[in-house]
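Asks: Questions regarding the structure given below will be posed in turn.
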Amino acid sequence: MITNKELFDTVNGQPVYKLSLTNANNMTISCLSYGANWYELLVPTAAGPQNLILNFAKIADYQATNEYLNMSIGRVAGRIGQGQFKIGDHHYQVAANEGRNTLHGGPHGFNQINWDSEVVANQIIFTHKITNAVDSFPGDLDVTLTYTLTDDNQVLLDYNVLSHGETVFNPTNHAYFNLNADDKNIKNLTLRLKSSHRLALDTEKIPTGQTLVNTDTPYGFETQKTLGAAIDGLQTIPEKGIDDVYLIDRHADNDPIAVLSHPTNHISVSIFSQRNAIVLFTANDFGPDQPYLTKTGQNYVGVALEAQIAPNAIFDHDYGDFSLQDGERQHYQTKYQVRF
Ligand code: G6D
């Protein structure tokens, strides 16, 4: 395993490092300390290394958008209505950053942190102590985010925390994938999801607590189909694409919850997770002005697949419970099997 750590940029006068790993098959991942960002997923091709995820050239570009481009997301992925929730009988109010609601951990979420970072053996390790005083969530969290690259071409994302005081924790990664070597958007890619239902969302994209059937609708991916077929079938709704929370059906540990494939170049990414939801977001309104390094800014430039516990678990424990008590540890893992 080849490792590297180098200066990438600065943020608020602090160094932002780029850390990378290359395995025995010449597959590389790299990350940025800012946002514990997944910067590159490079596979070898006849034309040279191909990045399967989107990225920018400098930190200012990440700060200029609200796309959370390939950022680590936490304490809590998704939206918390009016930033309000309960743990037991305790009511909490956290900072809003999307109107009256809290999106992706609020204005001081994981994506805003310049993490302590090191690369050791086949792991890129990010650490940080997140405090209530900074992000307004209850309790403090000792957080370790680890990217592991294996010689089986797997990328493992491990989230480990120790809670000081009760809190909530439901992290994800906001990587946008595009498996095309040329400048195509994602409409030609195929997707299969282990999901027959999704959460109903209100006009602010807050879960209503109801579920909707995906089967035989443009949202259905139980059998592999192109993202374009789904997107074209949704042009009459305001979103003009998908930005939804898919509930994962019961499945074996070695069954992927999502498989994203290119129709011809043999490249695919299979996602494995034991949590009960995955957000599918098809970048529906990404304009031409975004300076991605490998793609022209365009609608549907990438597809985000964000494994997590269903966000409405924060108010409905029928969908899970991502609260932690004082002194409690928690670990989640998302695994990406890459084929090329
Ligand atoms: C939009 O609604 C979507 C979110 O799901 C996504 O995470 C974000 O853009 C980047 O707010």
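Asks: What number does segment 5-161 give for Rg over Rh if you use C-alpha atoms and the Kirkwood radius?
Replies: 1.01
Asks: Quick one: of Lys129/Lys205; Lys205/Lys240; Lys205/Lys225, which pairs are farther than 19 Å apart, Cα to Cα? Before the final figure, lay out each step's value.
Replies: Details: Lys129/Lys205 30 Å; Lys205/Lys240 14 Å; Lys205/Lys225 25 Å.
Checking Cα-Cα distances, Lys129/Lys205; Lys205/Lys225 exceed 19 Å.
Asks: Segment 207-263 to segment 92-171: how many Å between their Cα centroids?
Replies: For segment 207-263 versus segment 92-171, the Cα centre distance is 27 Å.
Asks: Show me 244-253, 231-240, 111-120 ranked by packing, highest mean number of other Cβ atoms within 10 Å first.
Replies: 111-120, 244-253, 231-240
Asks: When ranked by the protection proxy of mean other Cβ atoms within 10 Å per residue, highest first, what sequence do the peptides 142-148, 37-43, 320-326, 214-220 form? If you can, show how the numbers build up before the last one.
Replies: Details: 142-148: 19.6, 37-43: 23.6, 320-326: 17.7, 214-220: 15.3.
Packing order, densest peptide first, comes out as 37-43, 142-148, 320-326, 214-220.
Asks: Tell me what the chain gives for mean residue ellipticity at 222 nm when only DSSP H runs of n ≥ 4 count, each as -39,500 (n - 2.57), the sum divided by the residue total, rounded to 500 deg cm²/dmol.
Replies: Mean residue ellipticity, 222 nm, calculated: -1000 deg cm²/dmol.
Asks: Further question: Quick one: Cα convex hull volume of the chain, Å³ per residue?
Replies: Value for the chain: 129 Å³ per residue.
Asks: Could you sort 265-273, 101-109 so that the peptide with the highest average Cβ count within 10 Å comes first and the rest follow in order? Please list the in-between numbers first.
Replies: On the way: 265-273: 19.3, 101-109: 23.1.
The densest-packed peptide leads the list: 101-109, 265-273.
Asks: May I ask you to give the average projected area over all directions of the convex hull of the Cα atoms of segment 52-137, in nm² rounded to one decimal?
Replies: In nm², the orientation-averaged hull projection of segment 52-137 is 7.6.
Asks: Check which residues have an amide H placed less than 5 Å from Asn170's amide H, if you skip close sequence neighbours.
Replies: Here the answer is Val76, Ala77, since their amide H atoms fall under 5 Å of that of Asn170.
Asks: Choose one of Phe286, Thr65, Val143: the residue whose Cα lies farthest towards the positive end of the charge dipole of the chain (beta-carbon charges +1 Lys, Arg; -1 Asp, Glu; about the Cα centre).
Replies: Phe286
We did not get these values from a lab; they are worked out from the coordinates using the rules stated. Predicted model only: the values in this text are computed from it and were never measured. Cβ atoms come from the backbone with ideal geometry, glycine included; neighbour counts cover every protein chain shown.
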